[in-house]
1. Which numbered condition in (1) open to solvent by less than 30 Å² (accessible area, probe 1.4 Å); (2) at pLDDT below 90; (3) more than 23 Å from the chain's Cα centre (by Cα) is the only one that residue 449 fails?
2. Test residue 151 against the criterion of being touching a residue at least 24 places away in the same chain (Cβ under 8 Å) and closer than 18 Å to residue 208 by Cα, and give yes or no.
3. When only residues in segment 19-46 that are within 22 Å of residue 529 (Cβ to Cβ) and either over 38 Å from the mean Cα position of the chain (by Cα) or in a helix (DSSP H, G or I) (or both) count, which is modelled with the highest pLDDT?
4. Have a look at 203, 178 and point out the one that is at pLDDT 75 or above and out of contact with any His (no Cβ under 9 Å at 6 or more places or on another chain).
5. Run down 391, 379 and say which single residue is crowded, with 19+ Cβ neighbours inside 10 Å, touching a His at 6+ places or on another chain (Cβ under 9 Å) and either farther than 30 Å from residue 516 by Cβ or not basic (Lys, Arg) (or both).
6. Restricted to segment 274-297, and to residues that are of a type in the set (S, T, N, Q) and modelled with pLDDT under 75, which residue is surrounded by the most Cβ atoms within 10 Å (Cβ to Cβ)?
7. How many residues are β-branched (Val, Ile, Thr) and open to solvent by 50 Å² or more (accessible area, probe 1.4 Å) when one looks only at segment 452-482?
8. Pairs only if they're at least six apart or on different chains, beta carbon under 7 angstrom, first in segment 417-444 and over 12 Å from residue 470 (Cβ atoms), second acidic (Asp, Glu) and surrounded by fewer than 15 Cβ atoms within 10 Å (Cβ to Cβ); list them, first residue then second.
Amino acid sequence: MGDVINVGEHRFVVSRLLVHEPDRLMEGHNVAMRAIINIEDMEKLAFAADLIQHRYLVSGTKSQINQLIQWQKQSLPAAQIHHKQGAHPLALFWQRTENFLGLASIILFFMAAIAIEQLAQVHLKKEQVFSAICMSLGASKVTGLQLSILKWFFNILLLIPVVVVISGICHWLVVNWLSTTFPAISWQLEAGLMAKTITTSVLLFAVFHTPVWLTLWQTSVPKLFQQNQKSISLGLVKLCALVVLVLVAFKYSDNGLLTLMLVGSIFITILLLVAISWAALTFGEKATQRFSGLIPFSLFMMKQRLLSKSTQILGIGLSTFLLLFTLMLLRDLGDTMVSYQRTHDGNVMISQADQQQMNAIKEWSMKHGIDLRQTKPYLYAKAVKINDQALDDFSQKPSDSLATLSRSIRLHWSQTVPDNNRVVQGKWWSKDSDKWQQISLEEEVMTDLGLTLGDTLTFIINQQSFTFTIAASHVYQPGAGSITFWVQMPATAVKHINAPHYNMASLEMDDDQWPLLGQMWRQYPTIRMVSLGELTKQFDNILAMITKVISGFAVMIIFLAVIVILSSINAFENKEKKKNCVIMSFGF
């Protein structure tokens, strides 16, 4: 407090610390730096009109709000309205977060399915004996099935209070931890959501237990006493587990590419675990089969038991792989990002500078020997329609891309494919092409919004409407800087669009050159710059949060891995004892 900040020729004293702005809550979450000054001082700074945005707070009835929204869509399509009767922007943000965590929890459901499969084999034997005894005493098959269902239901009822208390405590801890990042967030008891979650969990466990009930219904008393291990119930357990995983993926999937990548990576990991286990044991057996002793015999027995132990191998192997992978990823991600940015982007990033300011930066950098790494022009545009549909009507699913397009974005122009981009669909425009109303769109955005080549996007640029056709799709490729753009158009389009031009650039400055930056900033206060240290600090804060989240998942994975091991021991203990007795009878 009390420090002085110079903006242009004006001095401002820091008198308050801005933590939270309740009146901007409806605008969604962002991490942009901001300050509040007196409106009279804003007029004295004489910023350009295109840099100033106006916000209005209005109050009205539901019909008046609907009328205002319809008027805005027709008369001011570039304006943005947030109203309490509509979908809160933060709700979509948290819904996307919930969906991502839900997809990630497929791993946990996979682990739980393995443990339940192991325990179901033991439980099936007990239910078979119990049902057989009831039927031998005169009870009908329906009565035995009803008793089994009632026992399962009462066990669930006894577990629910314990689970609710533990989940409530964990929820309270998570909310308190998030309150340091999101001010004013507080823990609240949501009875409706809790009831919905409990009901869903009970139904999922009922699906897991369905094979046991089907087996009891389809078998007779002699078959119940035989306890045939090759019963159809074991296949049904695997089928029911697969159904549960598909239901979870369908419930939380709002991005086909993300779901396919996550489920596909789990499937590939499972195949690798099976293939590596089989190949290692086969190679070991072949290499030692000419010798006698404990090692070749152990390898032979391990290979024979590989199929029966497949669920244990997959459960423990997958949990270990995921734990090591996440820890190594978090360790290397920060260093890799910093190293790449210092190599290609320098240590100062300029996010906005008009043409006059950019010319001054070039002269200033040449004068003082500062390395100007890269520079790219752009103009601001706001998407208002996709295929002649308003953005609000185009899709109701949570989408990061749609939320970003609803605000002003940077529209870049380039006659050739940038060095840090690669075309994956369509064809980039030629240098002598007269068709200027075409764009190339980032592939991830196209996938997220379900767009294809030939679709149209309508932008408002400097109060004018322009419709562009998607002619190509590009992706980012490392090696030539990290400044890239979602939307790019031909350079010839600039002749037809009357709008202010801006530039992004990056600089590499030595330690003794940093004081020169203040002089440049004082002369041109509207230049938007941020240092690499500030970027990495923000990145480290986000990475710290992600680390805690993944660590929590790792703890749950370890916990479920322990359950898998214990359930495997419980399920195969008697059978393994018999096998070991036979082996020991041969002198081992």
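The values are calculated or read from the model by the stated rules, or taken from the named source; none is laboratory data. Just so it is clear, the structure is predicted and the values come from calculations on it, not from any experiment. Positions of Cβ are generated from backbone atoms using ideal geometry, with glycine treated the same way; all protein chains shown enter the neighbour counts. Accessible surface areas use protein heavy atoms only, side chains included; no ligands, DNA or RNA. Shrake-Rupley method; radii C 1.70, N 1.55, O 1.52, S 1.80 Å.
1. Among (1) open to solvent by less than 30 Å² (accessible area, probe 1.4 Å); (2) at pLDDT below 90; (3) more than 23 Å from the chain's Cα centre (by Cα), the lone unmet condition for residue 449 is (3).
2. no
3. In this case the residue turns out to be 41.
4. Of 203, 178, the one residue that is at pLDDT 75 or above and out of contact with any His (no Cβ under 9 Å at 6 or more places or on another chain) is 203.
5. 379
6. Here the residue is 289.
7. Count: 3.
8. Filtered contacts from segment 417-444: no entries.
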